[in-house]
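Trainee: Take this structure, written in structure tokens, and hold onto it; I'll ask about it next.
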Amino acid sequence: MTPRAYRPAGLKRSVAQLWTFVVASAAILAAGALVLSSLLTQSFRDQVLDDSAQEVGLFANSVLAPTLVRGNRLVVRGSDLTRLGRTIRTPEDFAGVAVWTREGSLVFSTLPGRRQLTARRDVEAVFRSGTPFAETTEVPRRDGTATSRFLSVWAPLTAASGRPVAALQVLLHPDELDASIARATRTVWIAVAVVFAVLWLFLAGLGHGAAVRLTRQNEALENRSRELLDASREVERNLLGTIETLNAAVEARDPYTAGHSLRVRSVALAVGRELGLTAPQLGSLATSALFHDVGKIGIPDSVLTKPGALEPAEAAVMREHVDRGAEIVSKVSSFEGSVSAIRHHHERWDGLGYPDGLRGDEIPLDAAIVGLADAWDAMTTHRPYARGLSLNEALLQIRGGRGNQFSPTVVDAFLEVAKRQPTAVMPPDDGSVSFAAS
Ligand SMILES: [Fe+2]
């Protein structure tokens with residue numbers, strides 16, 4: 001596989017997700033601040049009401065109970081009421097006091113509009129619970145056109161035995177209470193807003209820092225990747241140079257085959273063009289043809305340059321060159337498309353070739369092209385111990401091999417090239433010879 005530079009495709013997405021988190025955290029923190037402020041405000045309001053109830057309860061049992069409760073009974077005398085009227089002062093937020101019996105009868109009151117303030121349900125609640133409580137109450141005005149809001153605080157008047165004998169009602173103007181709650185609410189909201197804003201700024205700072213670090217690390221990774229890619233390309237260049245050297249060494253060991261690889265490449269390309277191969281396919285084909293016998297580098301001279309037929313053991317050694325050549329070329333990633341052609345360039349159409357005995361269309365097309373070009377050059381090359389075939393003899397042999405040694409398609413394409421462009425396939429020494437192609 002061809003090495004590629006590292007591409008930071010995920011960086012923008014990661015940074016975007018980071019900022020989405022920061023924005024989302026702002027929304028979540030704002031919602032949290034709203035909820036917390038509401039809870040704190042409500043809690044403060046409940047506490048104020050509870051405090052009022054406790055104060056009234058204390059007032060009931062320290063001031064009123066000693067005057068109005070005798071034993072386990074409520075005893076109200078005129079002199080007591082007069083004394084109570086003097087005792088109970090009326091500060092600004094104090095609207096009035098009333099004392100109710102268990103049956104809901106009003107015993108004593110400094111409240112205006114007695115009938116309107118009768119609250120039997122609250123009286124029952126005081127006797128049932130025996131504890132003070134406070135609530136806001138809407139009281140109709142005397143003219144009946146509207147209502148006024150009061151804080152109504154209830155507390156039991158208890159006997160020495162602890163049993164409630166009467167219910168005390170204290171009405172307070174809520175203005176002071178409302179102002180107090182409003183001040184507390186404002187303070188709570190400001191405090192919560194400041195705390196949550198600081199928290200969000202901290203988060204945003206963390207997000208910004210992480211984004212900056214991520215970008216820097218990515219740049220470092222890109223630089224490192226580029227360096228590795230350059231190093232990888234340098235290794236590829238060195239490997240290519242090594243293979244070219246090995247190929248030259250193979251040809252140098254047999255001077256009579258000098259130029260064989262280049263001629264095979266030239267013939268293979270002419271046939272490949274005739275078959276309509278694409279430019280990338282022709283590039284791979286050229287590489288396959290040029291280095292098809294590079295695996296012969298490991299074959300002893302006694303076998304490689306032996307005149308005449310090889311012994312079976314020598315032939316076996318010779319056959320190893322296809323696997324060795326494929327292995328050598330596979331070291332260069334940009335040559336990966338040529339590996340199979342080099343390994344199979346000695347297969348035969350009839351299945352009698354090597355190394356795998358592939359037959360027919362099982363043989364890769366580029367391997368079949370290289371095989372024919374290789375055979376053609378071998379047939380037409382003169383050696384000191386064996387003169388090469390004449391072009392017409394070689395041509396007849398190619399035709400004869402159609403469908404048994406060679407792919408019919410490749411033979412047809414070769415013959416077409418030989419007929420139309422004989423110079424594309426003829427050996428350099430025979431440039432003046434014409435084919436009897438038909
Ligand atoms: Fe070969």
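The values are calculated or read from the model by the stated rules, or taken from the named source; none is laboratory data. The structure presented is a predicted model; accordingly, all values stated were derived computationally and were not measured. All Cβ positions, glycine included, derive from the backbone under ideal geometry; neighbour counts span all protein chains shown.
Trainee: Give region 209-225 a look and list any residue that's acidic (D, E) and touching a residue at least 40 places away in the same chain (Cβ under 8 Å), or say none. Before the answer, list the steps.
Mentor: Taking region 209-225 as the starting set, the residues that turn out to be acidic (D, E) are 219, 222.
Matches in region 209-225: E222 only.
Trainee: So how many residues does region 294-303 have that are away from the ligand (no atom under 16 Å from the Cβ) and either touching a Phe, Trp or Tyr at 6+ places or on another chain (Cβ under 9 Å) or among the aliphatic types (A, V, I, L, M) (or both)?
Mentor: Total satisfying the criteria: 0.
Trainee: Between a first residue in region 273-294 that is under 15 Å from L372 (Cα atoms) and in contact (Cβ under 8 Å) with a residue 24 or more places away in the chain and a second residue that is of a type in the set (D, E, K, R) and assigned to a helix (DSSP H, G or I), which pairs have beta carbons less than 6 Å apart while being 6 or more apart in sequence or on different chains?
Mentor: As it stands, the answer is E274/E416; L285/D366; S288/D366; A289/R265; L290/R265, since those pairs meet every condition given.
Trainee: Any idea how many residues of region 324-377 are of a type in the set (G, A, S) and within 13 Å of the ligand (Cβ to nearest atom)? Let's see the steps before the verdict.
Mentor: In the first step, residues of region 324-377 are kept if they are of a type in the set (G, A, S); the result is 325-326, 330, 333-334, 337-338, 340-341, 351, 353, 357, 360, 367-368, 371, 373, 375.
From what is left, the residues that are within 13 Å of the ligand (Cβ to nearest atom) are 325-326, 341, 353, 367, 371, 373, 375.
Number satisfying all stated conditions: 8.
Trainee: Related question: Please enumerate the residues belonging to region 281-331 that are among the β-branched types (V, I, T) and over 51 Å from the mean Cα position of the chain (by Cα). Spell out how you get there, then give the answer.
Mentor: Of all residues in region 281-331, those among the β-branched types (V, I, T) come to 287, 294, 297, 299, 303, 305, 317, 322, 328-329.
Correct list: I299, V303, T305, V317.
Trainee: Could you check, for region 312-324, whether at least one of its residues is within 15 Å of D366 (Cβ to Cβ), touching a residue at least 24 places away in the same chain (Cβ under 8 Å) and either part of a helix (DSSP H, G or I) or of a type outside the set (D, E, K, R) (or both)?
Mentor: yes
Trainee: Can you spot a residue in region 368-381 that is farther than 17 Å from V271 by Cβ and either at pLDDT below 95 or in contact with a strand residue (DSSP E or B) (Cβ under 9 Å, 6 or more places away or on another chain) (or both)? Write out each step before concluding.
Mentor: As a first pass, look at region 368-381 and keep what is farther than 17 Å from V271 by Cβ: 381.
Now narrow it down to the ones that are either at pLDDT below 95 or in contact with a strand residue (DSSP E or B) (Cβ under 9 Å, 6 or more places away or on another chain) (or both): 381.
Yes, some residue in region 368-381 is farther than 17 Å from V271 by Cβ and either at pLDDT below 95 or in contact with a strand residue (DSSP E or B) (Cβ under 9 Å, 6 or more places away or on another chain) (or both).
Trainee: Let me confirm something: among R359, R387, R420, which residue is touching a Gly at 6+ places or on another chain (Cβ under 8 Å) and of a type outside the set (G, A, S)?
Mentor: On the way: R387 fails: touching a Gly at 6+ places or on another chain (Cβ under 8 Å); R420 fails: touching a Gly at 6+ places or on another chain (Cβ under 8 Å).
After applying the criteria, what remains is R359.
Trainee: Give the residue that is nearest to T381 (Cα to Cα), with candidates limited to residues of region 252-272 that are of a type outside the set (F, W, Y) and modelled with pLDDT under 80. Write out each step before concluding.
Mentor: As a first pass, look at region 252-272 and keep what is of a type outside the set (F, W, Y): 252-255, 257-272.
With the extra rule that they be modelled with pLDDT under 80, the set shrinks to 252-255, 257-258.
Values: A252: 16, R253: 16, D254: 12, P255: 12, T257: 8, A258: 10 Å.
Out of the qualifying residues, it is T257.
Trainee: Which condition number does K306 fail, the rest of (1) basic (K, R); (2) outside any helix (DSSP H, G or I); (3) more than 16 Å from the ligand (Cβ to nearest atom) being met?
Mentor: So the condition that K306 fails would be (3).
Trainee: Those residues that are within 16 Å of the ligand (Cβ to nearest atom), over 19 Å from R343 (Cβ atoms) and not in a helix (DSSP H, G or I), I need them from region 261-293; list them, please.
Mentor: The answer is none; no residue qualifies.
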